[in-house]
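Before any comments, here is the structure.
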Amino acid sequence: MQSSPFDDDTDRAQLQRLRTAINGAALLVTEADGQGIITYANPAAQRYFGYTPEECVGKTVLELTHPDDREQLQQNVIEWVQLGLHTATSENRIIHRNGDVFYFLWSVTIHYNEQGLPVGFTSIGHDISQQERLRKELFESREMLYTVIDHLPLGVFWKDTESRFLGCNRRALDDAGLASFAEIVGKTDFELPWRDRAERYQYSDRLVMATGPKVNVEETFTRSDGSVIRIRTAKVPLRRDGEVIGVLGFYEDITALRQQEEGLRTFRLLVENAPDGIGMVDPTLQITYANPAFAKMLGYESLDALAWPDLIHSADHDQLAAIVQQASQTGNAQTTIRYLHRDGSVVTAQLALPALRDRDGSLLGYAVINHDITEQLRFEAQLRAGEQRLRALIQALPDMFFLLSRDGVFLDFKADSNDDLALPPEVFLNRRMDEMLPPELVALTRRHIDALLATGQGQRYEYQMQVRDELRDYEARMTLSNDNVLVIVRDITEQRRVERERQTLVMQEQIIQAQQAIVRELSTPLIPIADGVVAMPLIGAIDSARAQQIMETLLDGVNRYRASVAILDITGVKVIDTQIAGALIRSAQAARLLGAQVMLTGINPEIAQTLIHIGIEFHEVVTRATLQEGIAYALSRL
């Protein structure tokens with residue numbers, strides 16, 4: 001076991017007297033073993049550590065040392081031991097339990113064992129916090145002076161009467177491209193980057209020393225990196241006891257200022273020509289500036305000196321007060337507000353209202369930025385009205401609308417009634433069509449979707465689907481709707497039924513017409529009797545249509561058989577009126593034009609009386625009583 005450096009009774013007695021002496025002193029005394037663990041602390045520990053002496057025992061010295069000083073303390077102890085020092089001094093900070101920091105100057109006695117290893121440390125500390133504070137303040141004052149000079153936004157330099165540099169601040173040193181102040185001392189302008197203007201600078205130096213200060217001189221200046229800036233220079237004579245010993249110069253880089261001024265001119269030009277109404281108002285909302293667009297928007301030549309609220313629609317004054325308050329609190333606010341045009345009409349604008357403050361945060365006023373949306377609102381109203389009309393039109397259409405994604409998911413629909421749908425909406429919406437529709441309809445729809453996506457051309461197709469135990473016919477038209485597919489479906493079941501009925505009626509009419517043609521042919525037979533002789537026996541009633549058929553058949557037969565005699569036998573005709581008799585006479589006349597003689601046979605007594613009664617005469621028509629007599633007569637003429 002390691003022995004203590006205080007084994008001797010005499011040493012212990014002396015140590016006890018020493019402890020008694022220093023317990024009442026303001027010095028802080030601690031003892032620590034070779035590992036830096038505190039084994040003793042005097043009552044001053046309560047004041048500086050915030051712990052009682054008993055609480056300090058067992059803590060390490062490093063625990064009570066400021067974290068930033070711990071590494072240095074460790075290095076110091078290692079050096080002391082390596083050098084074999086028995087006493088040493090050190091400065092470092094300690095931390096009070098409440099976080100306060102004290103600066104201490106320590107006198108440390110190092111105790112070694114027989115092997116030369118450190119076994120304990122006796123430290124007597126003197127609180128130098130006040131001295132450190134004064135020293136720091138003195139250092140800071142000096143550094144502040146250097147810092148102020150070095151961090152002035154100006155270049156500062158001073159020269160002797162021969163225009164040799166005696167010194168300068170950091171800004172001037174950097175512009176000269178030098179690393180230390182010693183490098184510029186003794187140099188002239190001819191040895192520095194601005195040598196091309198050195199003669200002019202030295203002439204200015206001599207003039208100032210001879211006549212007095214020269215300020216606000218603008219000129220160009222070449223820096224060490226070759227860049228040229230604009231500077232504003234001031235020079236004054238340096239005097240000692242009334243004698244001029246040199247010149248003190250200041251220069252300010254005004255390149256950014258000139259660029260800013262140019263930027264402001266450009267900005268003002270942009271504002272003056274901006275299409276939006278832009279203005280500024282003071283905190284009382286009096287207009288201090290308005291660009292031409294703002295004045296034109298409201299029908300004025302100028303808005304200067306007008307009160308901004310006077311231009312606002314009275315119904316929006318509360319809104320104006322609210323947005324001004326919001327802008328003053330948050331820095332910016334936006335809203336839609338209505339102005340009154342000079343002609344009394346309402347102008348609606350989208351308003352942005354940023355607050356304008358100086359560097360101290362004091363409110364200077366507000367920027368008023370207006371985007372006239374009157375026409376936009378009018379157009380939107382027209383658009384909404386058009387959309388409502390379109391929706392009403394769509395609602396009036398009997399068609400169903402289905403919106404599908406490109407991969408066939410039902411996204412939306414429109415139908416006059418859910419009764420028109422094969423499935424209720426909650427079943428098919430947001431579901432794939434291959435889960436809801438018959439496979440053949442899915443394949444048909446998929447094929448047309450692919451064609452639509454490939455060509456961009458609308459698709460049309462028809463299909464049948466079972467709806468509530470009824471097979472119904474549908475027509476589908478498909479088009480693109482943004483990234484989706486719109487399918488317009490119309491129920492054409494009734495249309496197809498009508499078409500089928502119409503086709504049935506057409507077929508029936510065609511059959512009737514064919515039957516009538518056959519009947520007409522049978523009712524107007526043309527019989528060749530011999531070469532050059534044809535006969536047409538007529539049976540039944542004759543109306544105008546049949547009379548026309550008789551003429552056509554007779555003339556066709558005369559022409560076809562090259563007949564010279566045509567016999568019309570009316571034995572089977574019971575009644576002949578004026579219209580029919582006229583038709584027979586016209587037929588005979590037409591036959592004569594083809595070179596044939598018409599013979600009328602089979603006139604019964606009733607028809608003969610009728611013909612006499614109505615005054616019909618057959619001067620150009622040969623008549624015979626019977627068909628046989630007519631045939632005999634015709635054959636006798638051959």
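What are the extents of the Cα atoms of segment 523-637 along their three principal axes, in Å, largest first?
Answer, in whole Å and largest first: 36, 28, 24 Å.
Computed on alpha carbon atoms, what radius of gyration and Dmax characterise segment 125-183, expressed in Å?
16.7, 57
Report in % the part of the accessible area of the chain that belongs to carbon and sulfur, leaving out ligands and nucleic acids; probe 1.4 Å.
So the carbon and sulfur contribution to the accessible surface is 53 percent.
Could you give the size of the charge dipole of segment 509-638 about its Cα centre, using +1 on the Cβ of each K and R and -1 on the Cβ of each D and E, expressed in debye and rounded to the nearest 20? Don't skip to the end; give the middle numbers.
Numbers: 9 positive and 12 negative charges, 53 e Å.
It works out to roughly 260 debye.
When 1/r is averaged over all different Cα pairs and the result inverted, which Kirkwood radius in Å belongs to segment 400-495? Mind showing how you got there, number by number?
Working: mean 1/r = 0.0737 Å⁻¹.
When all Cα pairs of segment 400-495 are included, the Kirkwood radius is 13.6 Å.
When N is the residue count of segment 428-547, what does its C-alpha Rg come to as a fraction of 2.2 N^0.38 Å? Don't skip to the end; give the middle numbers.
Working: Rg = 28.3 Å, N = 120, 2.2 N^0.38 = 13.6 Å.
Expressed relative to 2.2 N^0.38 Å, the Cα Rg reads 2.08.
For the ranges 281-289, 168-176, what's the packing order if you count other beta-carbon atoms within 10 Å of each residue, average per peptide, and put the highest first?
By packing density, highest mean first, the sequence is 168-176, 281-289.
Search the structure for amide H atoms under 5 Å from the amide H of Gly50, placed 1.01 Å from N in the peptide plane, and list their residues when 5 or more places away or on another chain.
Those lying under 5 Å, H to H, from Gly50 are Arg97.
Nearest 10 degrees, 0 to 90: what angle lies between the long axis of helix 439-455 and the longest principal axis of the chain (Cα atoms)?
Approximately 70 degrees, to the nearest 10.
Amide H of Ile278: which non-local residues (sequence gap of 5 or more, or other chain) have their own amide H closer than 5 Å, using H built in the peptide plane?
The list, which skips near neighbours in sequence, is Asn291, Ala293, Phe294, Asn370.
Given the whole protein assembly as supplied and a 1.4 Å probe, what does the accessible area of Leu437 come to in Å², nearest 10?
My reading of the accessible area for Leu437 is about 40 Å².
Please compute P(r) over all alpha-carbon pairs of segment 152-257, binned at 10 Å starting from zero, and give each bin as a whole-number percent.
Percent of pairs per bin, in order: 15, 53, 29, 3, 0.
Taking the Kirkwood radius as the inverse of the mean 1/r across Cα pairs, report the Rg/Rh of segment 53-177.
Taking Rg over the Kirkwood Rh, I get 1.23.
5 Å is the cut-off here: which amide hydrogens, built 1.01 Å from N in the peptide plane, fall below it relative to Thr60, excluding neighbours closer than 5 in sequence?
Ile38
Please work out the ratio of the alpha-carbon Rg of the chain to 2.2 N^0.38 Å and round it to two decimals.
The value comes to 2.43.
What order do you get for 611-617, 301-307, 397-403 when each peptide is scored by the mean count of other beta carbon atoms within 10 Å, highest first?
In descending order of packing, they fall as 397-403, 301-307, 611-617.
Nothing charged except the Cβ atoms of Lys and Arg (+1) and of Asp and Glu (-1): what's the magnitude of the dipole of the chain about its Cα centre? Round to the nearest 20 debye. Intermediate results must be reported in sequence, preceding the final value.
Working: 64 positive and 89 negative charges, 418 e Å.
My answer is approximately 2000 debye.
Against the longest alpha carbon principal axis of the chain, how many degrees, from 0 to 90 and to the nearest 10, is the axis of helix 67-83 turned?
40 degrees
Kindly work out what percent of the DSSP beta bridges joining two residues of the chain are antiparallel, to the nearest 5. Kindly include the intermediate steps, with their values, before the conclusion.
Working: 110 of 124 bridges.
Counting DSSP beta bridges with both partners in the chain, the antiparallel share is about 90 percent.
For Arg265 and Ile616 in one chain, what is 0.36 nm times their gap in residues minus the Cα-Cα distance, to one decimal in nm? The partial results should precede the final answer.
Working: separation 351, 0.36 × 351 = 126.36 nm, distance 11.55 nm.
Taking Arg265 through Ile616 to full extension adds about 114.8 nm, to one decimal.
Please give the per residue accessible area of the chain, computed with a probe of 1.4 Å over protein heavy atoms only, in Å². Can you show the working numbers first?
Values: 37890 Å² over 638 residues.
Result: 59 Å² of accessible area for each residue.
Angle check, please: helix 198-211 long axis (alpha carbons) against the longest principal axis of the chain (alpha carbons), in degrees 0 to 90, nearest 10.
The angle comes out at about 60 degrees.
The values are calculated or read from the model by the stated rules, or taken from the named source; none is laboratory data. Keep in mind that what you see is a predicted model, and the values were worked out from it rather than measured. Using ideal geometry, Cβ is built from the backbone for each residue, glycine included, and neighbour counts are taken over all protein chains shown. When the accessible area is computed, the model is the full protein with side chains, heavy atoms only, and any ligands, DNA or RNA have been set aside. Shrake-Rupley method; radii C 1.70, N 1.55, O 1.52, S 1.80 Å.
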